Structure formats: C-alpha cells, structure tokens
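Colleague: Please see the structure below; I have some questions.
FYI, it's all coordinate maths here, none of it is from the lab. It should be emphasised that the depicted structure is a prediction, and the values quoted were computed from it without experimental measurement. Backbone-built Cβ (ideal geometry, glycine too); neighbour counts: all protein chains shown.
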Amino acid sequence: MINTAAVDVLISEVGPRDGLQSIKSIMPTFAKNAWVDALYQAGVREIEVASFVPAKLLPQMADAAEVVRHAKTLAGLTVMALVPNLKGAEAAIAAGVHKVTIPVSASAAHSLANVRKTREEMIQEVAKIVQFRNEYAPSVKIEAGIATAFGCTIQGLVSEDEVIWMAEQVVSAGADESGLSDTTGYANPAQIKRLFRRLKAAIGSKAGAAHLHNTRGLGLANCLAAYEEGVTSFDSSMGGLGGCPYAPGASGNVVTEDLVFMFEAMGVKTGINLDLLFEARKPLQAGIPNEMLYGMVPEAGVPKGFELTSKWEV
C-alpha cells in the first residue's frame, strides 16, 4: 500500500529516539526494527531512529548502529539520529544515517546539564561536525535544533533574542537548518507564532522543524500555531512517549497519531495512513509491555464518515 499524493507537511517520528531514551524499559533491537517497519508501512518517511551517545549514559540506545543499518533498507526513508558531539556524529555517519540532528540549547543551564558544554562550545561543536560532514559525507544533512527555546525548567525564562542568536550562530557554523524545540512544554500558541516568525525572518529557508511537547496540554494547539506561521515539518512521537531526561518534568512529546489526525481532518496532507499508524502501536507496545502509551484518537477512533486527505492505493 502506497501514498499516491504529495504531502503538505512532513511528520518526523522521533519516538525510537526521544521516546525510548526517556523510559526505563530497554526495547530489544528486533522489536525496534519491527516498530520502524510498521511506521514505514503507515507512510512515515522520516524517522529519528536512535541517538549516538555512550551506552553507559543511555543503555536504551546501545544498539543505535544496528537500528540505523536496518532502517536504511527501507526505500525512501530518511534515517535520522541525534548526536550531541563530533564523536557521536562520526559514529552516526559511519552507520549510514541520512541526517543528524544536534541539540543546541538556548538555556545556558540546560546546555550544561544536557551535553556538559556551554552554548558557545556547542556552536563550536556544530562547526566541527559540519567540517567532518563536508569532508567525509557531503550528502548527510545537519539540523541544529534550538532546545529550551520557549523556557527552561532549570533556568526559567529564556530570552527570545538569545534563541534567535543561537539559530543564527549554528546556521553560520554550517548547519543546513535550525528548528525550535519546546523541550519543557512551556510554550503557548502566541509565543510559538512570535518566535517562529522571528526565526524565519532571521534565517529564511533554513528555518526548520517544530519539536513540541504536550506537557501542559498545548502540543496540538502549538503545532497548529506553527503551521499557520508557515512551518511544514513537525516532530512527534507515537503514543506520546518522550521528554528530555535532563529537563525535570518535561514529559510527553506531541502524539503522532493525534497530530496526523488533526492535519488530515483539516485537509492537510501528511502522506500517513491512520489505520496503519494505529496498527504500528502494536509492535511498539509489544516491545515495551510495561510502558503506558497515550493518544486521544487511538482511544476514541476517527469520526464516522472521516476520510483521509492523503490518498492511498494498493
């Protein structure tokens, strides 16, 4: 079964990385691969499958290279991984990823807690990764997402001027794009609109994805606000799994299933089949049977008469 229409928005599934690194359970490699396969069958075409960090820090990601190698067998799938430094980028690129994403925090306190580097050191790290990419893997894309862009549970308020400055700095360092992350679930729709408008004005076509959390129940509202400002790439996590382990209380990514339903119900094409997306929850739950999955639409079902905007045929 394939999607036969172009998409209006890209839904980037980050559950295999952001979701799994935030829970106690360690999902077996074969189960991760089965979940990635199911997401792909549903029409998801960009998946953040792992993060390349020391296994002693995140044992959930110890099999990152194996998962990347499997995901690369799926034609047309953009295989993405998070890397906190040059060493991680070297390993991810050696494994064959198509895209690396680097977390660069706008909060000085969160930067030290999350990657043990100052913000200025992280900008330098981005430049080093870009230099390595340019020399050894020029086709690999680099995204430097601005974490804690809307507030920080450690520091509190984060200056919007500093958020935009960080985005400008990482793009100047060679990143292909820079998006904004509501790492702590602090954002509201008015703030989302204001900051994404400023981001686009500052870095133009290099303005990247919205990575938003539902910690305080505003995830979908914030996604809609970002869409209305022209954002067309959204990170989300199946079952709402996820949340930064170094940002206390920052639980819950936007639920992929709910996000896809919202856009499709609006007539915005995602290229994802909701029925098959619901089916993809099964291998996820089988791989982490002791973890709770969330989502309103998977529980309630779609309305009678609902039809996907994205057209599918066998």
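Yes/no per residue for (1) crowded, with 16+ Cβ neighbours inside 10 Å; (2) under 21 Å from residue 18 (Cβ atoms); (3) basic (Lys, Arg):
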residue	(1), (2), (3)
212	yes, yes, no
219	yes, yes, no
222	yes, yes, no
229	yes, no, no
232	no, yes, no
235	yes, yes, no
238	yes, yes, no
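Colleague: Scan region 256-287 residue by residue and report those that are under 16 Å from residue 36 (Cα atoms), out of contact with any Lys or Arg (no Cβ under 8 Å at 6 or more places or on another chain) and crowded, with 24+ Cβ neighbours inside 10 Å.
Modeller: Those that are under 16 Å from residue 36 (Cα atoms), out of contact with any Lys or Arg (no Cβ under 8 Å at 6 or more places or on another chain) and crowded, with 24+ Cβ neighbours inside 10 Å: 256, 272, 277, 280, 284.
Colleague: Here's another thing I want to ask about it. Is it the case that region 77-95 has a residue that's out of contact with any helix residue (DSSP H, G or I) (no Cβ under 6 Å at 6 or more places or on another chain), small (Gly, Ala, Ser) and in a loop (DSSP other than H, G, I, E, B)?
Modeller: Among the residues of region 77-95, not one is out of contact with any helix residue (DSSP H, G or I) (no Cβ under 6 Å at 6 or more places or on another chain), small (Gly, Ala, Ser) and in a loop (DSSP other than H, G, I, E, B), which makes the answer no.
Colleague: Right, another one. Among all residue pairs at least 6 apart or on different chains, which show Cβ distances below 6 Å where the first residue, located in region 170-190, is farther than 14 Å from residue 146 by Cβ and the second is charged (D, E, K, R) and in a strand (DSSP E or B)?
Modeller: 176/141
Colleague: Hey, among the residues in region 259-294 that are part of a helix (DSSP H, G or I) and acidic (Asp, Glu), which one's nearest to residue 238 (Cα to Cα)?
Modeller: Taking region 259-294 first, the residues part of a helix (DSSP H, G or I) are 259-265, 274-279, 281-287.
Still in the list and also acidic (Asp, Glu): 264, 275, 279.
Details: 264: 16, 275: 13, 279: 11 Å.
This residue is 279.
Yes or no, residue by residue, for (1) assigned to a helix (DSSP H, G or I); (2) farther than 21 Å from residue 10 by Cα; (3) touching a helix residue (DSSP H, G or I) at 6+ places or on another chain (Cβ under 6 Å):
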{"position": "138", "(1), (2), (3)": "no, yes, no"}
{"position": "166", "(1), (2), (3)": "yes, yes, no"}
{"position": "179", "(1), (2), (3)": "no, no, no"}
{"position": "192", "(1), (2), (3)": "yes, no, yes"}
{"position": "210", "(1), (2), (3)": "no, no, yes"}
{"position": "215", "(1), (2), (3)": "no, yes, no"}
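Colleague: Name every residue in region 59-69 that is part of a helix (DSSP H, G or I) and either of a type in the set (A, V, I, L, M) or touching a residue at least 40 places away in the same chain (Cβ under 8 Å) (or both), in order of residue number. Full working, then the answer.
Modeller: At the first step, the residues of region 59-69 found to be part of a helix (DSSP H, G or I) are 59-61, 64-69.
Matches in region 59-69: 60, 61, 64, 65, 67, 68.
Colleague: Got at least one residue in region 104-121 being in a strand (DSSP E or B), in contact with a strand residue (DSSP E or B) (Cβ under 7 Å, 6 or more places away or on another chain) and not β-branched (Val, Ile, Thr)?
Modeller: Going through region 104-121, the residues in a strand (DSSP E or B) turn out to be 104-105.
Applying the additional criterion that residues be in contact with a strand residue (DSSP E or B) (Cβ under 7 Å, 6 or more places away or on another chain) yields 104-105.
Next cut, not β-branched (Val, Ile, Thr) only: 105.
Yes: region 104-121 contains one or more residues that are in a strand (DSSP E or B), in contact with a strand residue (DSSP E or B) (Cβ under 7 Å, 6 or more places away or on another chain) and not β-branched (Val, Ile, Thr).
Colleague: If you don't mind, another one. Just for region 37-93: of the residues that are basic (Lys, Arg) and within 19 Å of the chain's Cα centre (by Cα), which one is surrounded by the fewest Cβ atoms within 10 Å (Cβ to Cβ)?
Modeller: Let us first name the residues in region 37-93 that are basic (Lys, Arg), namely 45, 56, 69, 72, 87.
Still in the list and also within 19 Å of the chain's Cα centre (by Cα): 45, 72.
Details: 45: 19, 72: 15.
So, considering only residues that are basic (Lys, Arg) and within 19 Å of the chain's Cα centre (by Cα), the one surrounded by the fewest Cβ atoms within 10 Å (Cβ to Cβ) is 72.
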